[in-house]
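The values are calculated or read from the model by the stated rules, or taken from the named source; none is laboratory data. Please read all numbers here as calculations on a predicted model, not as lab measurements. Note that each Cβ is placed from the backbone with ideal geometry, even for glycine, and that neighbours are counted across all protein chains shown.
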Amino acid sequence: MRTEHAPTIHRADYRPLAWTVDTVELYFSLDAEASIVRNTMQCTRQGDGPLVLLHEGLMREDLTVNGAPPKAMRDEDGRIEIDLDGEDAVEVVVVTRVNPSANTELSGLYQSAGGLFTQCEAEGFRRITCFPDRPDVMTRFTVTLEADRRDYPVLLSNGNLVEQGELEAGRHYAKWEDPFPKPSYLFALVAADLVVLDRKVTTVSGREVLLQVYVEAGNLDRADHAMDSLVNALRWDEETFGLELDLDRYMIVAVGDFNMGAMENKGLNIFNAKYVLAKPETATDVDYEHIESVVAHEYFHNWTGNRVTCRDWFQLTLKEGLTVFRDQQFSADMLARAGGETARAVKRIEDVRVLRTAQFPEDAGPMAHPIRPDAYQAIDNFYTATVYEKGAEVIRMLHTILGPEGFRNGMDLYFSYHDGQAVTCDDFVEAMSEANGVDLDQFMRWYSQRGTPTVHADVAFDGEAETCTLTLTQSRPDKDDEPLQIPVAVGFINAVGDDIPLRLQGEAEAGATTRVLQLTERQQQFVFEGLRPGSVPSLLRGFSAPVVMAINESDAQLAFRMAHDADPFNRWDAAQRYMTRTLLAMAASDAPEVPRAFIAAFDTVLNNIALDPAFRTVALTLPSEAYLLEQMDVADPAALRRAMIIMTQTLGRALADDWLGHDEALAVPGEYRYHPGDAGSRALRNLGLRYLCAANDHQGVGLAELRAANAKNMSERFGALMALVQSPAVEAAQLALTAFEQTFGGDALVMDKWFAVQAAAWRWSPEQPATLERIEALTQHPAFSLGNPNKIYSLFGSFFRNNPAEFHRPDGAGYRFWADRIRELNARNPQVGARMARMLENWRRYTPELQQLAREQIEGLLKEEALSPDVREVLEKALG
Ligand code: B3K
Ligand code: ZN
């Protein structure tokens, strides 16, 4: 492991390399303990300076230039520089030895369940061989894999299989050629004992291509949904963007141990098994939805990321923000196709919920950075919600500003200019600008601003003239003198709840009911004609920009919009605002109570059967605690938790008959199918069980017990289990957990859920054991393993992230537990360790007592000598 102090890398320091690699031939003699990698590179000069090769933790056995040891070579801090004065082209050969079984970081070549896999983004390739391991070096790869046939019957790499055969001593080989030049981060290999699901499809231009999903033996019955998702993604990209699959063969491989979700390696995507495997008995509706979107995301990278890649890692959002936007649009289209426009709106709501829960706090904390950062120490720390989710919102604003056609024209121009290149975010925005003849210089500020901007709205009616002046004022936390271009979608609702056609001053007649205003100055006024006082504004419809919209609204106005806003996103948002203010007031009160008017507004939505169950579910789900804590002046997890408990119990008790009635009415008959309509019904029933069980309602608990034991699909089974665990019905919960464990103990992915639900458990009464004690015991469970990232995320991640009141315990035990886990993970898997380290980065937001306890732990960790750069960067920034 690297333990030195990592230097800070600055975006402004980017320089092209003097040498590039045109072709590389890799020969892997694979073995779990000692794999030999022979790397032959044809390098050519493209500027002045030495040839640079990067490496990390490698045993180097040989290095030659044109067949001889290099004459002038320096090798320091993982960087080899070879002076080659007078040369313009050389052949460099490097031989290295790597031990996949000892690779606990899961970066580079590593072992999982007896198979060998790679993960190279961002800088894992240098852990396999010495190479100019940067995205701006694009190379044609030929790869030969040689391994024992019995242990590793399947040998895969990028591109097309050109040769395979038997060798002596039970070994065999396969040779792969990737016709497209690519950066080293997209290299991949797999050598494992796997089974495969094949499907052939014909692309839009009439080429037949082979799609494959590789899984462990016994999991073939869980691969269909991933395959269907892949086919849908392929079609969607053809139809929406005119982008076709460029290879004859496209493979997805599921692996049990993986640091993140999945990886878009050219033609050979490697996936966390969690985002591949699904069947009704083991996967929930949410799992199905995630699989569809992650499969699509990686597939879409083939054009946005692989064919056109990033010049340097600062440009990460060029591929990630754009590809998240594309996968969001794809999922929305898929959902709408099956479930209508509400399903599309629910998807948008879910995406914004993620943004507000994960990205807003990040943007207000010590790791805040622009979607294109200016500096980093460990690039792996910058695969963030900001780069991904806020990055996607920035692309969405372009889509809104330019319209779908203008956006498509911009994409076409982008590919026509940059196919096969490694480029920057400026190149992308310039293509959008040129294709549309629109100046986007001001828009470009979104790439360098950090912190969530706020737009204040003030509405003034002139009753006599029947005009309404909407004054919008923007402020940004970093630089207030450089206003952003912010598209603000607005509507107005009349007294009976209908949307009003809008006429802006100067327009001859009224037009659409939702208008997108372009806010480009610090303050701007927009005058609407023909609007009566009392019309209710509905602002930032569809969440048209990643900002906080601040407007004074009474509870009554929020309740009105909850019931009538024609924009489903804003209807949901009105509910969120009402819930947020109510919960915060309760958290601040000595005798918290849920106001009656609130219950009535909630009741109205619950019983409005004209609304899809999926929509009612999101509208009636309380905001996440992470989001709520962010809204408190001083984050007080204990006070908030008390309010949350009273709120859930009250809504369960006061509306028990309604919940029970809907539960019965919404039962989904027949075989399980993944369909937004069915999923919505199941979700509303699950939500009902949560409120009922929280209130310890007899009938509700009984229903949950039955369903946890007998439901035919995991959505209902797990929904019921969660309702029991998240309730004062301690005994029923324990019985259900034990039964669940007996049924699914051998299924790693299902057990991840079992760990997660316990880690997130609230304490409903002082008699209940503390969640932390439970977690400590669970670390000894045979299904738990520190080497498996999914287990870390399930047990520890869920606790740190989703259970603030138990994590931020007043005695500091949660923080001590956190620090011990960081110590262990830092040594074993720094990427995962750094992610866990980030869970306490916003410690300054908490009460003074908690701050003191958190600071002690962070300072204690920073005294450790062997901190990885990843973990160190996070902790140092946290301490400021
Ligand atoms: N590009 C990968 C993420 C790699 C993370 C490296 N620490 C997955 C994705 O965004 O598609
Ligand atoms: Zn991605």
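Worth pointing out:
- Only one of ARG126, ARG171 that is away from ligand 1 (no atom under 16 Å from the Cβ) and among the basic types (Lys, Arg): ARG171
- Taken as a whole, the structure places ASP62 among residues that are over 18 Å from PRO132 (Cβ atoms) and in contact (Cβ under 8 Å) with a residue 24 or more places away in the chain.
- For the range 139-175, a residue qualifies if it is in contact with an Asp or Glu (Cβ under 9 Å, 6 or more places away or on another chain) and closer than 14 Å to GLU25 by Cα, and the qualifying residues are THR139, ARG140, PHE141, THR142, VAL143, THR144, SER157, ASN158, GLY159, VAL162, ALA174, LYS175.
- Hits in the range 311-344 - residues which are within 16 Å of ligand 2 (Cβ to nearest atom) and assigned to a loop (DSSP other than H, G, I, E, B): none
- Qualifying residue in the range 233-247 (condition: under 27 Å from SER107 (Cα atoms), modelled with pLDDT of 95 or more and crowded, with 23+ Cβ neighbours inside 10 Å): no
- Test result for ASP555, farther than 21 Å from ASN686 by Cβ, touching a residue at least 40 places away in the same chain (Cβ under 8 Å) and crowded, with 22+ Cβ neighbours inside 10 Å: no
- The range 299-318 - residue that is surrounded by fewer than 24 Cβ atoms within 10 Å (Cβ to Cβ) and within 11 Å of ligand 1 (Cβ to nearest atom) and, of those, farthest from PHE241 (Cα to Cα): TRP313
- When residues of the range 319-337 are limited to those that are within 15 Å of ligand 1 (Cβ to nearest atom) and polar (S, T, N, Q), the one surrounded by the fewest Cβ atoms within 10 Å (Cβ to Cβ): GLN328
- Of all the listed residues (LEU531, LEU606, LEU504), the sole one being out of contact with any His (no Cβ under 8 Å at 6 or more places or on another chain), aliphatic (A, V, I, L, M) and crowded, with 20+ Cβ neighbours inside 10 Å is LEU531.
- Residues of the range 287-304 that are more than 19 Å from ALA188 (Cβ to Cβ) and free of Cβ contacts under 8 Å to residues at least 24 places away in the same chain: HIS290 alone.
- Evaluation of GLY340 against the conditions (1) away from ligand 1 (no atom under 14 Å from the Cβ); (2) on the phi < 0 side of the Ramachandran plot; (3) of a type in the set (Gly, Ala, Ser) shows that the sole unmet condition is (2).
- Tally, over the range 259-282, of residues that are within 10 Å of ligand 1 (Cβ to nearest atom), assigned to a loop (DSSP other than H, G, I, E, B) and not aliphatic (A, V, I, L, M): 4
- Helices (runs of 4 or more DSSP H) completely within the range 830-880 that count 2 or more residues being of a type in the set (D, E, K, R): 848-862, 869-879
Residues are listed down the side, and each one gets a yes or a no for (1) among the basic types (Lys, Arg); (2) surrounded by fewer than 23 Cβ atoms within 10 Å (Cβ to Cβ); (3) in contact with a Ser or Thr (Cβ under 7 Å, 6 or more places away or on another chain):
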| residue | (1), (2), (3) |
| --- | --- |
| TRP762 | no, yes, no |
| SER785 | no, yes, no |
| LYS791 | yes, no, yes |
| SER794 | no, no, no |
| ARG823 | yes, yes, no |
| ARG844 | yes, yes, no |
